[in-house]
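Where a number appears in this text, it was derived from the coordinates with a stated rule and is not lab data. Just so you know, these numbers come straight off a predicted model, no measurement behind them. Counting neighbours? That spans all protein chains shown, and the Cβs are built from the backbone with ideal geometry, glycine included.
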Amino acid sequence: MPYLFPILLGISLGASTGLHTTLPLLLVAAAAHFNIGNFAMRGDFAWLSSDTALIILLIAAIVETIADKVPAVDHVLDVIGTVARPLAATLSAAAVFNHGDRVTAAVVGLIIAAPAAFGVHAAKAGVRVGSSAMTFGCANPFISVIEDVIAALLSIVAIFAPLIALVLLILLAWTATAILRRRSTPKHLSSGG
């Protein structure tokens, strides 16, 4: 049972990182720095909650947030994010997994957080490509704001209540699947005739 909290936190942070590379890492580092939430950062990852790391993460989060609103630049970020997001997710999950040595923590982060980040990132990139095709990129900044809000809220909920964050993830996945199914069903099939 002591593994449940950090695993749920790692999965939720991983999914959040799939939307925004640096924001979830910044929020969990800030929570550790200011002793907020019900977790402790691993001793060998304590550098993440240092003043220097927080400043760097804050600058990176601001730059990423702004750059993601610029058409064409957002696609470059998505390409970079294909590698960066699973790595950042692994780092954040390993940092909060306080059981075993650092190799075990890194492996757990790689197993639980990296796939969550990659899956969410792949879905996000697909939405962005579709949005770019339909709106010539004009809707992407608005979609980016929604992604930022979801990443921030999911990370904050994960820090305080990881089980609720997991439930929110399941609801988001179910909603997204339902919307995609509805959109992919031809009108003549959905109208009954």
Below 8 Å, C-alpha to C-alpha, sequence gap of six or more: please give me the relative contact order for segment 4-181 in percent.
38 percent
Expected unfolding gain across N38-I170 under the 0.36 nm per residue rule, minus the alpha-carbon gap, is 45.3 nm
The chain: mean projected area of Cα convex hull, nm²:
11.6 nm²
Computed over segment 67-146: relative contact order in percent, which uses C-alpha pairs under 8 Å that are six or more apart:
36 percent
Taking the Cα centre of segment 17-84 as origin, sum charge times position over the Cβ atoms of Lys and Arg (+1) and Asp and Glu (-1), and report the length of that vector in debye to the nearest 20.
140 debye
Computed about the Cα centre, the charge dipole of segment 4-181 from +1 Lys/Arg and -1 Asp/Glu charges at the Cβ has a magnitude in debye, to the nearest 20, of 300 debye
Distance between modelled label sites at A46 and I179, nm, 7 Å Cα→Cβ extension:
4.3 nm
DSSP loop (so not H, G, I, E, B), at most 14 other Cβ within 10 Å: list which chymotrypsin sites (Phe, Trp or Tyr not before Pro) in segment 136-167 pass both filters.
F136
Under the helix-only model (-39500 (n - 2.57) for each DSSP H run of 4 or more, divided by the residues of the chain), the mean residue ellipticity at 222 nm, to 500 deg cm²/dmol, is -26000 deg cm²/dmol
I'd like the distance separating the alpha-carbon centroids of segment 133-185 and segment 53-87, in whole Å.
17 Å
Taking Cα atoms, how many degrees apart are the long axis of helix 102-135 and the longest axis of the chain, rounded to 10 and kept between 0 and 90?
20 degrees
Describe numerically, in nm with one decimal, the distance between label points set 7 Å from Cα along Cα→Cβ at D101 and at V129.
4.1 nm
What does the charge count around P141 come to, taking other residues whose C-beta lies under 13 Å from its C-beta (Lys +1, Arg +1, Asp -1, Glu -1)?
-2
Going from the fewest other Cβ atoms within 10 Å to the most, one would list D44, D148, D68 as D44, D148, D68
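How do I143, I66 line up, fewest other C-beta atoms within 10 Å first?
I66, I143
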What is the angle, in °, between the Cα long axis of helix 51-67 and the longest principal axis of the Cα atoms in the chain? Nearest 10 is fine, range 0 to 90.
10 degrees
Among I11, S92, A151, pick out the residue whose Cα is farthest towards the positive end of the charge dipole of segment 4-181, where Lys and Arg carry +1 and Asp and Glu carry -1 on C-beta, about the Cα centre.
I11
Fewest first, what order do L87, L27 take by the number of other Cβ atoms within 10 Å?
L87, L27
Between the Cα axis of helix 23-33 and the main Cα principal axis of the chain, the angle (0 to 90°, nearest 10) is 20 degrees
